[in-house]
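Worksheet for the structure shown next.
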């Protein structure tokens with residue numbers, strides 16, 4: 001019997017396990033499907049990790065190493081090369097591996113930290129033929145950084161998500177020619193610093209409001225056709241340009257990987273595509289917590305670590321029965337005007353110490369704006385923000401004071417131009 | 001010297017190979033590509049039609065109804081996924097209802113069992129997500145869905161176990177008539193045979209022309225599809241057809257044997273020059289738009305944004321109304337123009353051809369032993385105890401490679417060792433469904449490449465995505481270099 005089983009040994013799982021341990025949880029197991037801990041950080045060999053969390057600039061593997069090193073001084077157990085096939089409401093965990101076969105493990109609490117996967121060509125309905133040479137940026141990153149293989153010589157990137165931008169630079173450094181980065185929206189989906197450091201610094205053109213309208217090639221990709229789109233995102237006839245290339249990397253979004261969560265019946269959020277969670281990252285099933293990219297897609301691992309520490313602490317408290325929180329009243333946080341998602345979605349006042357950090361994304365670009373916490377149209381708090389974009393996750397504090405002020409069941413978060 | 005060479009290893013070539021493998025004959029299948037079922041067989045609606053569609057008294061009607069029954073037996077015997085989920089043809093108007101009545105009568109005369117005309121209420125009770133404005137439906141409980149490439153693979157493997165040779169990457173370039181045999185010349189060699197069966201699908205006319213002036217004209221017709229995520233699996237429970245009108249056969253929505261939802265196809269004749277350029281099986285925004293529009297007529301709420309893959313296939317249409325199954329010259333037979341319901345009819349087509357050849361004098365002496373069964377390891381369907389046992393015997397089954405579909409290393413290695421083994425990533429995908437799920441190989445692709453390289457004893461840079469030469473990797477990185 002374990003106190004806590006953490007599903008996934010990437011940044012989220014590591015931080016959650018360590019935090020649970022620090023908060024008094026004793027028998028902890030991390031189940032990781034890969035051959036080593038660290039998750040996707042292992043293939044992120046560029047730097048820029050840890051600026052917020054460690055106040056220094058680390059590479060992905062270095063960032064992971066900080067956590068893995070801490071594990072060594074704990075009694076936290078790790079099972080590598082092991083998949084979790086199923087979890088149950090009463091916290092049974094079905095695992096499978098070469099070494100141990102099929103096992104049923106019992107735990108008191110579970111933290112879900114499975115991460116996310118990439119959206120594929122099938123999800124974006126791209127016309128054209130289907131030759132080799134079209135792959136997701138993350139798969140390409142694995143081939144190049146982990147396996148040591150090149151995936152192409154003349155490269156086009158579709159989508160300006162961070163992995164695509166990072167891979168644009170990586171491919172150039174490996175001697176490939178990167179001809180274009182094509183983005184459907186009128187703004188980039190990635191971090192500004194990545195646009196500057198990965199595209200601008202390497203003279204790679206970024207085509208905003210463009211899409212791919214055709215792909216040719218029988219066995220290997222030969223060319224793509226790019227066209228400008230109108231404000232309804234439909235290609236504008238006459239703007240087509242053919243780009244000869246042998247490789248197309250897709251960076252068109254990430255989706256939390258929630259098969260286990262869905263199968264056990266956890267309530268999901270349509271917007272984040274992750275679980276609905278309370279203020280302490282607990283899901284609709286008490287004793288099951290979620291954190292990291294399985295909950296919502298983050299831009300920075302630093303935030304994953306912070307969020308996962310919360311989840312780990314809450315799991316430890318749950319195991320020690322310090323708070324039986326399931327039955328308490330909660331209030332709901334709603335996405336108002338300008339907000340594409342906000343998290344946590346539900347808050348149990350009694351559980352809030354001083355404040356809850358609300359993480360949100362806006363659904364359009366704002367230069368200067370007011371993010372406001374409202375109750376039935378009445379503004380309870382407001383925050384001035386600059387340069388908000390859908391590609392960057394933002395945060396505002398929701399203070400205990402405010403929660404205590406009135407008897408409220410719902411709050412709306414609204415953005416307006418300042 | 002072979003007794004018979006079959007050109008093409010699609011569902012027709014493999015069906016014929018299976019049927020002829022029962023007899024004491026020396027047979028070889030020559031396939032232009034690197035696997036079975038890589039042409040029309042792998043990209044179609046995957047439906048075993050009940051048989052109310054073809055005109056009563058036609059060859060197609062006879063072969064469809066017979067084929068439907070044979071396919072059921074074969075799938076059970078040879079371990080091929082098949083689900084008899086029944087089909088509904090939906091009427092959207094009063095005129096459509098009279099078309100359905102005609103189809104019902106035709107079906108009865110064709111010998112289709114258990115057909116039923118349903119009211120709108122009855123239909124909506126069976127399929128709550130259908131357009132509520134429908135007028136009724138024709139229900140055919142004998143219609144089924146099948147895994148088409150596994151069907152061809154099963155027939156091919158059974159043929160091979162019973163002595164039929166398969167040669168891949170052998171595109172036929174010429175056929176020379178000698179005194180009493182043919183020399184079939186491919187990219188790689190020349191093969192002597194007494195008889196030839198042309199089952200070259202979309203290329204059947206080209207093969208025909210190597211020995212005789214054309215008797216039919218190929219009119220390749222593209223159909224485009226969406227494949228939806230397992231999450232959308234509840235969209236419909238039956239094969240949903242639209243009532244055929246002058247405008248065409250409409251767009252179908254159907255569960256697949258694996259629980260995804262398939263949506264399509266439109267119909268667009270394409271230039272024959274496009275065949276084998278990659279552009280032939282490309283998707284187009286117009287085609288996908290047509291499919292989407294048609295699908296929303298049947299199920300207005302269908303969630304096409306949860307698509308995991310688009311693809312398209314080519315119907316081997318000809319200028320003839322019926323299948324072309326006939327002798328061209330002595331000892332040379334065509335099976336051409338096999339469009340819908342060709343997948344269903346395939347086993348019956350094979351028998352029909354064998355009868356035809358026997359009439360022409362082919363001596364059919366049954367083999368003393370004919371192995372008429374095939375089983376695969378179904379790790380995913382096994383109980384926990386069975387899984388524990390399988391992993392104990394072969395630990396490779398304990399490691400999941402494809403996370404979306406829970407396909408293990410054991411499954412993948414098996415697909416590279418089986419009777420007709422995979423030789424590419426897509427070959428593995430067709431045999432195991434690794435990479436067919438929602439991440440479309442994003443996670444497992446690199447791992448599958450590694451396993452293929454290991455099993456075939458080649459470098460990862462030599463591993464193909466699909467057809468021969470469709471390399472995934474272009475070299476090694478600087479650091480490795």
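Quick look at the numbers
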| item | result |
| --- | --- |
| Residue satisfying condition, being touching a strand residue (DSSP E or B) at 6+ places or on another chain (Cβ under 8 Å), more than 23 Å from residue A:110 (Cα to Cα) and exposed (fewer than 14 other Cβ atoms within 10 Å of the Cβ), within set A:401, A:355, A:409, A:382 | A:409 |
| Selected residue [within 13 Å of chain A (Cβ to nearest Cβ), touching a residue at least 60 places away in the same chain (Cβ under 8 Å) and crowded, with 17+ Cβ neighbours inside 10 Å] from B:337, B:287, B:342 | B:287 |
| Segment A:232-251, residues that are touching a residue at least 40 places away in the same chain (Cβ under 8 Å), under 32 Å from the mean Cα position of the chain (by Cα) and away from chain B (no Cβ under 11 Å) | A:233, A:243, A:245, A:248, A:249, A:251 |
| Qualifying residue in segment A:64-77 (condition: within 14 Å of chain B (Cβ to nearest Cβ) and either touching a strand residue (DSSP E or B) at 6+ places or on another chain (Cβ under 9 Å) or under 16 Å from residue A:4 (Cα atoms) (or both)) | no |
| Extreme residue, modelled with the lowest pLDDT, among residues of segment B:445-481 that are facing another protein chain (nearest Cβ under 8 Å) and more than 20 Å from residue A:131 (Cβ to Cβ) | B:480 |
| Output for segment B:366-402, where each listed residue is over 30 Å from the mean Cα position of the chain (by Cα), more than 10 Å from every other protein chain (Cβ to nearest Cβ) and more than 30 Å from residue B:446 (Cα to Cα) | B:368 |
| From B:42, B:55, residue being outside the structural domain of residue B:103 (by TED's automatic domain parsing), surrounded by fewer than 22 Cβ atoms within 10 Å (Cβ to Cβ) and over 20 Å from the mean Cα position of the chain (by Cα) | B:55 |
| Single condition residue B:266 does not satisfy, out of (1) within 14 Å of another protein chain (Cβ to nearest Cβ); (2) surrounded by 23 or more Cβ atoms within 10 Å (Cβ to Cβ); (3) closer than 30 Å to residue B:79 by Cβ | (3) |
| Identity of the residue in segment A:116-129, more than 8 Å from every other protein chain (Cβ to nearest Cβ) and crowded, with 20+ Cβ neighbours inside 10 Å, that ends up farthest from residue B:310 (Cα to Cα) | A:116 |
| Check on residue A:258, in contact (Cβ under 8 Å) with a residue 40 or more places away in the chain, more than 22 Å from residue B:287 (Cα to Cα), within 13 Å of chain B (Cβ to nearest Cβ) and surrounded by fewer than 19 Cβ atoms within 10 Å (Cβ to Cβ) | no |
| Residue that is nearest to residue B:79 (Cα to Cα) [pool: residues in segment B:442-468 that are in contact with a strand residue (DSSP E or B) (Cβ under 8 Å, 6 or more places away or on another chain) and assigned to a loop (DSSP other than H, G, I, E, B)] | B:466 |
| Within segment A:187-207, considering residues that are touching a strand residue (DSSP E or B) at 6+ places or on another chain (Cβ under 9 Å) and within 19 Å of residue A:366 (Cα to Cα), the one farthest from the other protein chains (Cβ to nearest Cβ) | A:192 |
| Condition met for residue B:417 (more than 13 Å from chain A (Cβ to nearest Cβ) and under 22 Å from residue B:78 (Cβ atoms)) | yes |
| Residues located in segment A:7-26, provided they are out of contact with any strand residue (DSSP E or B) (no Cβ under 7 Å at 6 or more places or on another chain), more than 21 Å from residue A:259 (Cα to Cα) and outside any helix (DSSP H, G or I) | A:23, A:24 |
| Scope segment A:43-80; condition out of contact with any helix residue (DSSP H, G or I) (no Cβ under 8 Å at 6 or more places or on another chain), over 25 Å from residue A:163 (Cα atoms) and not in a strand (DSSP E or B); matching residues | A:69, A:72, A:73, A:80 |
| Complete set of residues in segment B:403-414 that are within 10 Å of another protein chain (Cβ to nearest Cβ) and in a loop (DSSP other than H, G, I, E, B) | B:403, B:404, B:406 |
| Qualifying residues in segment A:93-106 (those that are more than 26 Å from the chain's Cα centre (by Cα) and part of a strand (DSSP E or B)) - the one farthest from the other protein chains (Cβ to nearest Cβ) | A:106 |
| Of all residues in segment B:405-437 being surrounded by fewer than 24 Cβ atoms within 10 Å (Cβ to Cβ) and at pLDDT below 95, the one that is farthest from residue B:310 (Cα to Cα) | B:406 |
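Okay, residues lined up against (1) free of Cβ contacts under 8 Å to residues at least 12 places away in the same chain; (2) over 14 Å from residue B:345 (Cα atoms); (3) part of a helix (DSSP H, G or I):
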residue: B:3; (1), (2), (3): no, yes, no
residue: B:6; (1), (2), (3): no, yes, no
residue: B:12; (1), (2), (3): no, no, yes
residue: B:19; (1), (2), (3): no, no, yes
residue: B:25; (1), (2), (3): no, yes, no
residue: B:29; (1), (2), (3): no, yes, no
residue: B:32; (1), (2), (3): no, yes, no
residue: B:37; (1), (2), (3): no, yes, no
residue: B:54; (1), (2), (3): no, no, no
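Let's see how each residue does on (1) in a loop (DSSP other than H, G, I, E, B); (2) surrounded by fewer than 24 Cβ atoms within 10 Å (Cβ to Cβ); (3) at the interface with chain B (Cβ under 10 Å from one of its Cβ atoms):
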{"residue": "A:138", "(1), (2), (3)": "no, no, yes"}
{"residue": "A:146", "(1), (2), (3)": "no, yes, yes"}
{"residue": "A:152", "(1), (2), (3)": "yes, no, yes"}
{"residue": "A:156", "(1), (2), (3)": "no, no, no"}
{"residue": "A:160", "(1), (2), (3)": "yes, no, no"}
{"residue": "A:164", "(1), (2), (3)": "no, no, no"}
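The values are calculated or read from the model by the stated rules, or taken from the named source; none is laboratory data. Everything numeric in this text was worked out from a predicted model, so none of it was measured. Here the Cβ is made from the backbone with ideal geometry for all residues, glycine too, and neighbour counts use every protein chain on show.
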